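K.L.:
Just passing along the structure, written as structure tokens.
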Amino acid sequence: MTVHFKQDKPDTSNRLDGMKQGVVGQPMPRVEGLAKVTGTAPYAAEYPVEGCAEGVLVTATITRGEVVSMDKDAVLAMPGVIAVLDDAKLTTRAAQGTADEAPQQDPATVCYWGQPIALVVAETFEQARDAAKHLKVEYREEAGAPLDPADAEPEEQDEDTVHQGDLAHAMAEAAHSVDVTYTTKGHASAAMEPHASIAEWDGTKLTVHASLQMLNYNISELADALDLEEDQIRLVSRFVGGGFGSKLGISEDVVAASVAAMELGRPVRVVLSRQQVFQCIMRRSETKQRLRLAADADGKLTGFGHHALVSNLPGEEFAEPVLQSSHFMYGGENRELMLEVARIHRMTAGSVRAPGEAVGMPALEAAMDILAEKAGIDPVELRLRNIPDKNPEEDLPFSSHKLAECLRQGAEAFGWDSGPRKPRQSRDGEWWVGTGMASAARVHNVEEAKARVTLKADGTALVETDMTDIGTGTYTILAQIAGEMMGLDPADVLVELGDTRHPRGPGSGGSWGAASIGSAVYVACTAIREEIAGRLDMAEKDMELRDGAVAGGKSLVEVLEGKDIAKEGHYEPGDITDDFTASGFGAFFAEVRVNRWTGETRVNRMLGAFGFGRVLNPTTARSQCIGGITWSIGLALTEMLEFDPVDGHLVNCDLAEYHVPVHRDVPDLDVVLVEERDPAASPIQAKGIGELGMCGGAAAIANAIYNACGARVFDYPMSPDRVLAAMPE
Ligand code: MOS
């Protein structure tokens, strides 16, 4: 039986807090942790499949033009080679996860360097790779395609444009004003597990083991790409080694393996090489952002301007939503916001960890630091003075808002010195030492979600949904929620995820996972509780379940009398999403040292205080925050996609040349989880958390660099050359 719940009003009853098992909100290690660290959790490419052939993608070595011919015969004569496919379907691009169809194009058309154009299938991986390398492709290259955003005419994204009051006037009249332009470089998701698929076709049904974030959506994309019905497809993604947006949509390996399996009548595996992951999976757009801040003598904003330029391929819908939180972050009645997209020939731009705020907040928060300096106000105090009491652009209240608490608790825990600030006050040998801070914000999203919960006659429970766990802790928090609601030890709750045979979950993306699927499980468990209460002639809200028994009465096994109770919970975000602005907030504090001779920056310590509604599990929540702060360090100091200005190819397409922070770059990080219940965010009062930890953190580092050595750098990442160039004297 399906129980449908649409949230239309805030729920202040906070039922979960009244439950008696006491496991939600408790630190619990991940239930799948042992399987992962002992190597027994199978990832997509690791499923043992009898008679599996190996496919290797061939990618374009021009940026714009078309394929004129391929010398397939020469390659087919090589040892072990089974087929060379250049089916139109192969060029289905990794899609964004918002459209219902996977973008396809004419196979002969090349619109970016690294675009898959063919698949070579052989008996072994080595044979396939060798043949793929030897496939001779002739192209007709098209000259003059724009490769850099500066060379393209930008298109305005109207839905982001705001003109309120008169910003130019506010800037002219301001006691203190800031008008600065920042740039950020493109980023790669760089998930540990490369994109990989094994497809099997039995003549009527396609089964694909793949590494995906959103099975509910991926199944319709794949059906569309292959002209199949959704019920002819089964997708399995039980364990995913990170996605960060790059697995929101199906990637080329999924389609290529499927096409090959269907054409060849045998299972085919396709695993992207690390270089291919960089070259053909979505990138985060580079950005150029102009910030204008006008403030009165007390530092209170009277004007706010944020203009961003991003890029994507021609025809792609996605535009990095740089302004997402700028719309409501701070007050200022005179406002101008605009987002523009330049059409250029780099691989598809799409969601990479915290699309929008990941790059928008570091620019805004670095500009706020300049305003604090000009106004002579402590940076924490400046933020506190500018927290709006409602959304400044739309007449909407916030669902809940913990920025002030995060700023105060974070400052306290970090030991923030609110005295007067000046660069170059502290030196340790050849290193200047300084501190900086920034606010964090990330919009809260929720998505429709379904989960089946079965309370078994033996007193254990089963949770089933096609929701994924991409390393976030979904398995664990769902066991906790179900355990809490039904009075069970989470160890007695088996959670099965990542299989489209189960009810459709929301997938993992946009930090909506825990709140959305957690709510579906909550709805299903409420229905199970009602059924139990009915049998006992009690009101559900008066019934206390704990340790497998009804308080003061029978055990669940006795109540069940040998029969399972199964309910499908169907949660849907209701009108409430139009009534409130919902966002997670936080504050970052950083201490860095900058080498006075080389300009190298090292992070000494960093702390983030975050408020994102109910904390379901402080262990997994803290890990998410630490991951986010780690991304901030990469964004601030080292991560940048570099494209060749002549032919447009991505130059640094491996983990040796694209520098994600490694252990030595990440000091002990501290996280403060600020207590919050958000009654309008979701039925379980939780908000999104995964991405919040990186939304602004890079600015805390940038501001600390300035405080340390006096270098104001306007380009992220703040690599040694850039810091050195901006260093005074
Ligand atoms: Mo996310 S970048 O929506 O996985």
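K.L.:
Do we find that residue 727 is in contact (Cβ under 8 Å) with a residue 40 or more places away in the chain, crowded, with 22+ Cβ neighbours inside 10 Å and hydrophobic (A, V, I, L, M, F, W, C) in this structure?
P.N.:
no
K.L.:
Taking residue 597 and the conditions (1) more than 39 Å from the chain's Cα centre (by Cα); (2) open to solvent by 30 Å² or more (accessible area, probe 1.4 Å), which numbered condition does it fall short on, given that it satisfies the others?
P.N.:
(1)
K.L.:
Collect the residues in region 600-612 that are in a strand (DSSP E or B) and either open to solvent by 10 Å² or more (accessible area, probe 1.4 Å) or closer than 18 Å to residue 663 by Cβ (or both), keeping them in residue-number order.
P.N.:
Correct list: 601, 602, 603, 604, 605, 606.
K.L.:
Quick check: is even one residue across region 674-693 open to solvent by 40 Å² or more (accessible area, probe 1.4 Å) and away from the ligand (no atom under 16 Å from the Cβ)?
P.N.:
yes
K.L.:
Could I ask something else about it? Spot the failing condition for residue 438; the list is (1) open to solvent by 70 Å² or more (accessible area, probe 1.4 Å); (2) under 28 Å from residue 515 (Cα atoms), and only one is missed.
P.N.:
The failed condition is (1).
K.L.:
If you take the residues in region 258-277 that are small (Gly, Ala, Ser) and either within 16 Å of the ligand (Cβ to nearest atom) or assigned to a loop (DSSP other than H, G, I, E, B) (or both), which one is farthest from residue 369 (Cα to Cα)?
P.N.:
265
K.L.:
Would you say residue 648 is modelled with pLDDT under 95, open to solvent by less than 40 Å² (accessible area, probe 1.4 Å) and over 17 Å from the mean Cα position of the chain (by Cα)?
P.N.:
So residue 648 fits the description; yes.
K.L.:
Taking region 501-538 only, how many residues are open to solvent by 20 Å² or more (accessible area, probe 1.4 Å), of a type outside the set (Gly, Ala, Ser) and touching a residue at least 24 places away in the same chain (Cβ under 8 Å)?
P.N.:
Number satisfying all stated conditions: 8.
K.L.:
Taking region 659-671 as the region of interest, how many residues are among the hydrophobic types (A, V, I, L, M, F, W, C) and in a loop (DSSP other than H, G, I, E, B)?
P.N.:
Matching residues across region 659-671 total 3.
K.L.:
If you don't mind, there's one more thing I want to ask. I want to confirm something. Restricting to region 343-369 and keeping residues that are under 18 Å from residue 707 (Cβ atoms) and not aliphatic (A, V, I, L, M), which single residue is nearest to the ligand (Cβ to nearest atom)?
P.N.:
Of everything passing the filter in region 343-369, 362 is nearest to the ligand (Cβ to nearest atom).
K.L.:
Among the candidates 286, 340, 320, which residue alone is in contact with a Lys or Arg (Cβ under 9 Å, 6 or more places away or on another chain), acidic (Asp, Glu) and away from the ligand (no atom under 16 Å from the Cβ)?
P.N.:
286
K.L.:
Looking at residue 230 and the list (1) closer than 22 Å to residue 468 by Cβ; (2) touching an Asp or Glu at 6+ places or on another chain (Cβ under 6 Å), which single condition is not satisfied?
P.N.:
Exception for residue 230: condition (2).
K.L.:
Within region 713-724, can you find the residues that are closer than 14 Å to residue 369 by Cα and open to solvent by less than 50 Å² (accessible area, probe 1.4 Å)?
P.N.:
713
K.L.:
Starting from residues that are aliphatic (A, V, I, L, M) and outside any loop (DSSP other than H, G, I, E, B), keep the ones in region 613-658 and report whichever is farthest from residue 358 (Cα to Cα).
P.N.:
Only one residue tops the list, namely 650.
K.L.:
Shifting gears a bit: Considering only residues of region 239-257 that are farther than 25 Å from residue 120 by Cα and small (Gly, Ala, Ser), which is farthest from the ligand (Cβ to nearest atom)?
P.N.:
Ranking the qualifying residues of region 239-257, first place goes to 241.
K.L.:
Can you give me the number of residues within region 539-578 that are under 15 Å from residue 456 (Cα atoms), touching a residue at least 24 places away in the same chain (Cβ under 8 Å) and part of a helix (DSSP H, G or I)?
P.N.:
Of the residues in region 539-578, 4 are under 15 Å from residue 456 (Cα atoms), touching a residue at least 24 places away in the same chain (Cβ under 8 Å) and part of a helix (DSSP H, G or I).
K.L.:
What's the number of the only condition in (1) crowded, with 24+ Cβ neighbours inside 10 Å; (2) within 16 Å of the ligand (Cβ to nearest atom) that residue 280 fails to meet?
P.N.:
Condition not satisfied by residue 280: (2).
K.L.:
Filter region 64-94 for residues that are in contact with an Asp or Glu (Cβ under 6 Å, 6 or more places away or on another chain) and at pLDDT below 95 and give the result.
P.N.:
64, 65, 68, 69
K.L.:
I'm trying to understand the selection: among the residues of region 672-729, which are under 23 Å from the mean Cα position of the chain (by Cα) and part of a helix (DSSP H, G or I)?
P.N.:
If the condition is that a residue be under 23 Å from the mean Cα position of the chain (by Cα) and part of a helix (DSSP H, G or I), then 692, 693, 694, 697, 698, 699, 700, 701, 702 are the ones that fit.
K.L.:
To continue, here is another question. Taking residue 471, is it away from the ligand (no atom under 16 Å from the Cβ) and either buried (at least 24 other Cβ atoms within 10 Å of the Cβ) or not aromatic (Phe, Trp, Tyr) (or both)?
P.N.:
Judged against the criteria, residue 471 is not a match.
K.L.:
Is it true that some residue in region 529-536 is assigned to a loop (DSSP other than H, G, I, E, B), more than 22 Å from residue 237 (Cα to Cα) and more than 16 Å from the ligand (Cβ to nearest atom)?
P.N.:
Yes - at least one qualifying residue is present in region 529-536.
K.L.:
Here is a check on your reading of the model: is residue 598 of a type in the set (Val, Ile, Thr), out of contact with any helix residue (DSSP H, G or I) (no Cβ under 7 Å at 6 or more places or on another chain) and in contact (Cβ under 8 Å) with a residue 24 or more places away in the chain?
P.N.:
No; evaluated as a whole, the condition is false for this residue.
K.L.:
Need at least 3 residues that are within 16 Å of the ligand (Cβ to nearest atom), open to solvent by 60 Å² or more (accessible area, probe 1.4 Å) and touching a residue at least 24 places away in the same chain (Cβ under 8 Å) per element, so show me which strands (runs of 3 or more DSSP E) inside region 143-224 make the cut, counting only ones lying wholly within it.
P.N.:
The strands (runs of 3 or more DSSP E) meeting that bar number zero.
K.L.:
Could you look through region 225-238, keep only residues that are closer than 29 Å to residue 624 by Cβ and touching a helix residue (DSSP H, G or I) at 6+ places or on another chain (Cβ under 7 Å), and pick out the one that is nearest to the ligand (Cβ to nearest atom)?
P.N.:
Once the filter is applied, the top-ranked residue is 237.
K.L.:
Separate question: As an exercise: evaluate residue 564 against (1) in contact with a helix residue (DSSP H, G or I) (Cβ under 7 Å, 6 or more places away or on another chain); (2) open to solvent by 40 Å² or more (accessible area, probe 1.4 Å) and give the number of the one condition it does not meet.
P.N.:
Against the list (1) in contact with a helix residue (DSSP H, G or I) (Cβ under 7 Å, 6 or more places away or on another chain); (2) open to solvent by 40 Å² or more (accessible area, probe 1.4 Å), residue 564 comes up short only on (1).
K.L.:
Report, by residue number, each residue of region 417-474 that is of a type in the set (Lys, Arg) and in contact with a strand residue (DSSP E or B) (Cβ under 8 Å, 6 or more places away or on another chain).
P.N.:
Within region 417-474, 424, 427, 442, 450, 452, 456 qualify.
The values are calculated or read from the model by the stated rules, or taken from the named source; none is laboratory data. This structure is a prediction, so every number in the text was calculated from the model and none was measured. FYI the Cβ positions are ideal-geometry reconstructions off the backbone, even for glycines, and counts take in every protein chain you see. The protein model used for the area step is the full one, side chains on, heavy atoms only, and it has no ligands, DNA or RNA in it. Shrake-Rupley method; radii C 1.70, N 1.55, O 1.52, S 1.80 Å.
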